[in-house]
Amino acid sequence: MLIKNTLKNIYNTIKLKHYLLSKGFRVPKNYNSIATDFVNKKNLPSSTKYLIWVDTENFQVNIFKGTNHKWILNRNYICSIGKPSTPTPKGTFKVGAKGYSFGQNHGYICYYYTQFLGNYLFHSILYNLDNTVRDGRLGYKISNGCVRLAKENALWIYKNIPYGSTVYIT
């Protein structure tokens, strides 16, 4: 069973990477400088050295390090956001609770969640209870309002972004 699940995960990872490349989920070549200019022109303070800007138009989670008007893009990740009937909330929020996983009682698992507003979270893509990928799509409006990320990217946010960091969603 372990070998079967491992092979399924490898297959789904390859299929997802091929799909993303074939769909052309690419931001403009100068996106990093556009993103940096955008946040530095806003008055976006954070009580920590990190700021997250979720660009829903381009399905990007941008993580900045620095201070107000002096933010430097540290990393960015492709994401999925809320579908039209359950959109991701827009505005300025703060990082709150964090946890390892949720959803097991509903037949799926999402890993490494970081709260930014009530039940709205950054978290991994959806996994089945046997840890195979249930829905690995990124770059779509498909969630119930949360921001879905690759598991390793959700883990990075979970481990590195402190409580109270500003989350700005447009």
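The values are calculated or read from the model by the stated rules, or taken from the named source; none is laboratory data. Predicted, not measured: the structure shown is a model, and the values here were computed from it. Glycine also receives a Cβ, built like all others from the backbone with ideal geometry; neighbour counts cover every protein chain displayed. Accessible surface areas use protein heavy atoms only, side chains included; no ligands, DNA or RNA. Shrake-Rupley method; radii C 1.70, N 1.55, O 1.52, S 1.80 Å.
Tabulated results
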item	result
Some residue of the range 14-27 being modelled with pLDDT of 95 or more, within 21 Å of ILE157 (Cβ to Cβ) and surrounded by fewer than 16 Cβ atoms within 10 Å (Cβ to Cβ)	no
Boolean, TYR108 is on the phi < 0 side of the Ramachandran plot and in contact with a His (Cβ under 6 Å, 6 or more places away or on another chain)	no
Every residue from the range 111-160 that is closer than 17 Å to CYS79 by Cα, of a type in the set (Val, Ile, Thr) and either open to solvent by 50 Å² or more (accessible area, probe 1.4 Å) or part of a loop (DSSP other than H, G, I, E, B) (or both)	ILE125
Number of the exception - HIS106 against (1) farther than 25 Å from ASP55 by Cα; (2) open to solvent by less than 30 Å² (accessible area, probe 1.4 Å); (3) of a type outside the set (A, V, I, L, M, F, W, C)	(2)
Test: SER85 is in contact with an Asp or Glu (Cβ under 9 Å, 6 or more places away or on another chain) and closer than 14 Å to SER143 by Cα	no
Of residues in the range 34-48 being in a helix (DSSP H, G or I), of a type outside the set (A, V, I, L, M, F, W, C) and open to solvent by less than 60 Å² (accessible area, probe 1.4 Å), the one nearest to GLY91 (Cα to Cα)	ASN40
Among (1) farther than 17 Å from ILE142 by Cα; (2) surrounded by 15 or more Cβ atoms within 10 Å (Cβ to Cβ); (3) modelled with pLDDT of 95 or more - the single one SER80 does not satisfy	(1)
Check on PHE93, touching a strand residue (DSSP E or B) at 6+ places or on another chain (Cβ under 7 Å), at positive phi and surrounded by 14 or more Cβ atoms within 10 Å (Cβ to Cβ)	no
Considering residues of the range 56-73 that are part of a strand (DSSP E or B), in contact with a Ser or Thr (Cβ under 9 Å, 6 or more places away or on another chain) and open to solvent by 10 Å² or more (accessible area, probe 1.4 Å) only, the residue farthest from LYS29 (Cα to Cα)	ILE72
